[in-house]
1. Per DSSP H run of at least 4 residues, take -39500 (n - 2.57); add these up for the chain, divide by its residues and hand me the 222 nm value, nearest 500 deg cm²/dmol.
2. Only sites in a loop by DSSP and with at most 15 other Cβ atoms within 10 Å count here; which chymotrypsin sites (Phe, Trp or Tyr not before Pro) in the stretch 67-129 make the cut?
3. Output the relative contact order of the stretch 186-335, whole-number percent, from Cα pairs under 8 angstrom with separation of 6+ residues.
4. In Å and from the alpha-carbon atoms only, list the Rg and Dmax of the stretch 98-167.
5. When the Karplus curve 6.51 cos²θ - 1.76 cosθ + 1.60 is applied with θ = phi - 60°, which whole-Hz ³J(HN,Hα) does each residue of the stretch 112-123 get, with x for Gly and Pro?
6. Computed over the Cα atoms of the chain, what is the ratio Rg over Rh, Rh following Kirkwood?
7. Using alpha carbons only, how many angstrom separate the centre of the stretch 29-70 from the centre of the stretch 142-213?
8. With springs only between Cα atoms under 10 Å, which of Glu345, Glu247, Glu224 fluctuates most in a Gaussian network model of the chain?
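Just so it is clear, none of the values below were taken in a lab; they were calculated from the coordinates. From a predicted model like this one, the values you see are computed outputs, not experimental measurements. Positions of Cβ are generated from backbone atoms using ideal geometry, with glycine treated the same way; all protein chains shown enter the neighbour counts.
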Amino acid sequence: MSSTTIETPNYPIFITPSAGEELDRYLQQKNYTSVFVLMDENIMEHCWPALQNDSEILKEAEVLVIDAGEEQKDLEVALQLWETLTEYEADRKSLLVNIGGGVISDLGGFVAATYKRGIDYINIPTSLLAIIDASIGGKTAINLKNLKNQVGLFVEPNAIFIQTSFLQTLPPRQWLSGWAEMLKHAIVYDKGFWNEIKNIKDLNLENLEPHLRRAIEIKKEIVEIDFKEENLRKALNFGHTLGHAIESYSLENDRDFLLHGEAVAMGMLYASALSVKKGLLSQEDNLEIYEVLMRFFKPYKLSDDFISRLESLLNQDKKKDATGFNFTFVSAIGQTEIDQYCTLEFIIESIRLFK
Ligand code: GLY
C-alpha cells in the first residue's frame, strides 16, 4: 500500500507502509524536547522491532511497557506512568507515542492529556478496532473498578500513523472484534459502504485493506460534526447499550470472555431487533444485518441469570440518564435514530422473544 493522508481539522492521519519512517519525517518539523513510547508486552514483541528499525527517533525514545489487557486502564497504572514521566523529567514539550490497541490509546491519551495539564500525544494503532475507531476522535479514559471509561477527557491526538501490515499479527478474534465496529460504521452512516463490505467472507488484510480508508473517514466525519457526543456521535453507540451489558457480564462470568467487538456484535443484533419492535426498521433490513453478523459471530446465550442482572448491568452504562435506558436504533441501513429510550420491561420482553 502506498502512503496516503486523511486530513482532519486538527491533525493528520497517515496510512503508510512504514509508520516509523513517516513518524521521523513528521517529527523533524516539530520541536519536542523528548519522546516517550507507551506499549504493552505483545506490541513490544510483534510491532516494536519493525518500528524501531524504521525510526531513528524511536530508537532514542524512552520506552514504557505495561502488561496487556483491559485491567491496565486503571488509576494505579496511570499513576505509575505519571511517576515514570516525572522521573525521566518529561516537560510540557515532551511527546507520548501510544503504540497498540484501544487500551493503549485510551490510557496513553489520558495520561498525556493530564500530565502537566497536557502534553502532545500520537497514536500508532495496531489492531483493526483501534485503526478504524478507538485511535480516532480523542476519547481518552481509564476505568473505575468495573465502570468502563468512567474517568477521562476528550483530547485529540496530534497525529495518527497507521501501518496496515501490523494487522497481520492479529489473532482471529481480534479481527472479529474490529470487524464488528467496521460493520457498525456502515450500518449507522453509509449504506453504500455496507453494500461494499457486506459480502466479505474472510477477514484478512487482502480483503479489508481496500475498505479501511472509508471506515476511518466515517469515524472522522462523525467526530468532526459532533466531537463531544451530543448528537450525531451517539450513532456510534449502536449496539453498545446491550453490548456493554453483555461485555461486563461475560467478563465477570466466562473464562473465555467476549472481546469488546464480539459483545457489540451481539448488542447490534438486539438493537436491530428492538428497532423493528419500535416500528423504526423494516424486517428486510433487520434480516440483512442479522445474516451478515451471523456469518461471523457465534450467538451468545443471554441466560436467565443475565436477564435477572440486566438492570444493574444497564445502570452502569454512561448512556443511562434520568429518562431511562438510552439506545441508538436504526431506521434503515445507513440511518440512525439516536436517543431512543426503552423501559427495562420492553428490553427484557424483546430479549425473551428473540431467544
Ligand atoms: N468509539 C465510539 C466513539 O469514539 O464515539
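1. -14500 deg cm²/dmol, from helical runs alone.
2. Passing sites in the stretch 67-129 are Tyr88.
3. 33 percent
4. 11.5, 35
5. Result, ordered by residue: 5, 5, 10, 5, 6, 6, x, 10, 5, 9, 10, 10 Hz.
6. Rg/Rh: 0.97.
7. Going from one Cα centre to the other spans 22 Å.
8. Answer for the Gaussian network model of the chain: Glu345.
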